[in-house]
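S.K.: My questions all concern the structure below.
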Amino acid sequence: LCVSPSFLSVSSVFCLCYSGVFGCYPNPAFGTGAALVSEVLGTALLAAGCISFGSSWLVGSWLSALVMVFAPFSGAGFNPARDLGPRLVAILWGFDV
């Protein structure tokens, strides 16, 4: 189902078919429980990496590795602000989230 913002005059060819570009949504194949465990574990591992690694390059590499591992389950939105802000904008613009 394609939904486009009501205030934009775009044809249905260019409509946004997935609201996932605005936020992190759990993969239905794994379920909500797996997504919750994925987010909690990913956030804990990210926090441990930020505390342990002295170099920002290592923290960035660690974050990249965590995203590659946990993104298939829940989109890897380890920071709630990273997910909440875009989701609110999507709702305000009229996308079906």
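The values are calculated or read from the model by the stated rules, or taken from the named source; none is laboratory data. Here the structure is a predicted model, which means the values were calculated and not measured. When we count neighbours, we look across all protein chains shown, and the Cβ atoms used for this are built from the backbone with ideal geometry, even at glycine. Each accessible area value is taken on the protein alone, full model and side chains, heavy atoms only, with ligands, DNA and RNA left out. Shrake-Rupley method; radii C 1.70, N 1.55, O 1.52, S 1.80 Å.
S.K.: Could you sort 88, 45 by accessible area so the largest value comes first, with the probe set to 1.4 Å?
M.R.: Heavy-atom accessible area, descending, gives 88, 45.
S.K.: Something else about it: At 0.36 nm per residue, minus the direct Cα-Cα distance, what do residue 61 and residue 79 gain on full extension? Give it in nm, one decimal, please.
M.R.: Working it through step by step, the gained length comes to 4.8 nm.
S.K.: Let me ask something else. Quickly rank 55-65, 33-43 as a protection proxy: mean count of other C-beta atoms within 10 Å, highest first.
M.R.: Going from most to least packed, we get 33-43, 55-65.
S.K.: Got a number for carbon plus sulfur as a percent of the range 34-81's accessible area, 1.4 Å probe?
M.R.: Carbon and sulfur together cover 80 percent of it.
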